[in-house]
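The values are calculated or read from the model by the stated rules, or taken from the named source; none is laboratory data. In this text the structure is predicted, and so the values were computed from the model without any measurement. Backbone-built Cβ (ideal geometry, glycine too); neighbour counts: all protein chains shown. The accessibility values were calculated without ligands, DNA or RNA, using every heavy atom of the protein model including side chains. Shrake-Rupley method; radii C 1.70, N 1.55, O 1.52, S 1.80 Å.
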Amino acid sequence: MKSYRRELTFNLPARRGFVNITPQVKAALKESGIQEGLLLCNAMHITASVFINDDEGGLHQDFERWLEKLAPEKPYSAYAHNGYEDNGDAHLKRTVMGREVVVAVSGGRLDFGPWEQIFYGEFDGKRSKRVLVKIIGE
Amino acid sequence: MKSYRRELTFNLPARRGFVNITPQVKAALKESGIQEGLLLCNAMHITASVFINDDEGGLHQDFERWLEKLAPEKPYSAYAHNGYEDNGDAHLKRTVMGREVVVAVSGGRLDFGPWEQIFYGEFDGKRSKRVLVKIIGE
Amino acid sequence: MKSYRRELTFNLPARRGFVNITPQVKAALKESGIQEGLLLCNAMHITASVFINDDEGGLHQDFERWLEKLAPEKPYSAYAHNGYEDNGDAHLKRTVMGREVVVAVSGGRLDFGPWEQIFYGEFDGKRSKRVLVKIIGE
């Protein structure tokens, strides 16, 4: 069994945003040399998300609007978590979008359907945050 | 280490529906011959879901009603994604229900609690869509 | 390849609650002797959750309030599932919070960011329920 580990770092200029990280994950898989296995990709921070969906700008606007409806950023005082912080909403938004994805590796490639792309979802940005890629297999 | 891959195909007659796919996943596991490992089962499409819950018809009605409340299908114009499509809601519903499950394989079986069953959740049906089963182990 | 399996049991005195289970999961990992691999931790019951977030009491209050807003416990008659049961809401709450987490194992440790902790989320308690830890690797 082989295993491989790599960290990706992101620093988004806004509080919230989505980044297509499929190219970086593919590069990590290639570097690993693993042909058959499982790939885990997860946010290492609890106010960020890694998820799989469509790379379509309208959809990302819909996600932003929808998450703000489900767990609004303001008023900050609505969250018991916001004693010394203001990111209570970000913990809830990340919960909806998910912490991690697990992707099959087949024939040395991400074993994806036609539109699957991996995204980093930031809900409390303007600082450096990390994503972990871990691959095991052969 | 052994690895195994299989695609399952579904074509639901309605826009939305849930299918218990546990028998097909068990058959794939048996065919793999793997005794100890991890099994990934994921939707290959971004408007569908694979999730684990109870095989109880009332609950599935509750899921349908609840998802329509959280992310209504109509009006289609409510979604920026719906320029050329009408499935903006399906992307959000699938996000709530999840893309994938990872299941332990122990003694050649799905290592499940008493009521756990695997479902395919369709949110934009009336066409052929795929689910991936990938198993690694020994 | 090595594999390891362990069940953890919880019996919460209230209908709902969150328990930090990171120490038990770390102990399982240590016992497994696995240095590099993947660890799956999942609720074996469909009205409970395993998730990763911050160990902060205010946040847990926010989760409780938010989940009650998204899927209220009462009136019980609001759920088609509640013919012979009263836990329809618990199935939906667990869906939001997720069934499982997959964690990278690197150098014999849970490969976590600075604030990541694993929680058991109970939504229909007052009885004994199980969590599965399955680890594969080397």
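To the nearest 20 Debye, how big is the dipole of the stretch C:2-137 about its Cα centre, given +1 on the beta carbon of each Lys and Arg and -1 on that of each Asp and Glu?
460 debye
Can you list, shortest first and in nm, the gaps between the label point of residue C:68 and those of its counterparts in the other copies, using a point 7 Å from Cα in the C-beta direction?
2.8, 2.8
Sorted from shortest, what are the nm distances separating the label point of residue A:107 from equivalent points in the other copies, each placed 7 Å from Cα along Cα to C-beta?
From this label point to the equivalent ones elsewhere in the assembly: 3.8, 3.8 nm.
Taking every Cα atom in the stretch C:2-137, find the radius of gyration and the maximum pairwise distance Dmax, and write them in Å.
15.8, 51
Of the accessible area of the stretch B:2-137, with the probe set at 1.4 angstrom, what percent is carbon plus sulfur?
Carbon and sulfur: 50 percent of the exposed surface of the stretch B:2-137.
At a probe of 1.4 Å, how much accessible area disappears from chains B and C on forming the pair, both sides counted, to the nearest 100 Å²?
Its buried surface, counting both partners, is about 2500 Å².
Which three extents, in whole angstrom, do the alpha-carbon atoms of the stretch B:70-137 cover along their principal axes, largest first?
Projected onto the principal axes, the Cα atoms of the stretch B:70-137 cover 51, 23, 18 Å.
From the label point of residue C:26, set 7 Å along Cα to the beta carbon, how far off in nm is each other copy's matching point, shortest first?
3.9, 3.9
Short version: ³J(HN,Hα) in whole Hz for each residue of the stretch C:109-118, in order, from phi by Karplus 6.51 cos²θ - 1.76 cosθ + 1.60 (θ = phi - 60°), x for Gly and Pro, what are they?
Each residue's phi maps through the Karplus curve to give 10, 5, 8, 10, x, x, 10, 6, 9, 9 Hz.
So with the 1.4 Å probe, I'd like the accessible area per residue for chain B, rounded to whole Å².
38 Å²
Skipping prolines and chain starts, which residues have an amide H placed within reach, meaning under 5 Å, of the one on residue B:117, given they are 5 or more residues away or on another chain?
Under 5 Å from the amide H of residue B:117 lie the amide H atoms of B:53, each far enough along the sequence or on another chain.
Mind running the shape call on the protein assembly as shown? Use the C-alpha gyration tensor, a ≥ b ≥ c as the square roots of the eigenvalues: rounded below 1.5 for a/c, prolate if a/b tops b/c, oblate otherwise.
rounded
List the residues of the stretch A:16-46 whose accessible area drops by at least 10 Å² when all protein chains are present, compared with their chain alone, using a 1.4 Å probe and counting only protein heavy atoms.
Listed by number, the residues meeting the 10 Å² cut-off are A:36, A:37, A:38, A:40, A:44, A:45, A:46.
For the stretch C:73-91, which residues drop by 10 square angstrom or more in accessible area between the chain on its own and all protein chains together (1.4 Å probe)?
Buried-area filter returns C:78, C:79, C:80, C:81, C:91.
Which residue, A:119, A:18, A:63, tops the fluctuation ranking in a GNM of chain A built on C-alpha contacts under 10 Å?
Judging by the Gaussian network model, the answer is A:63.
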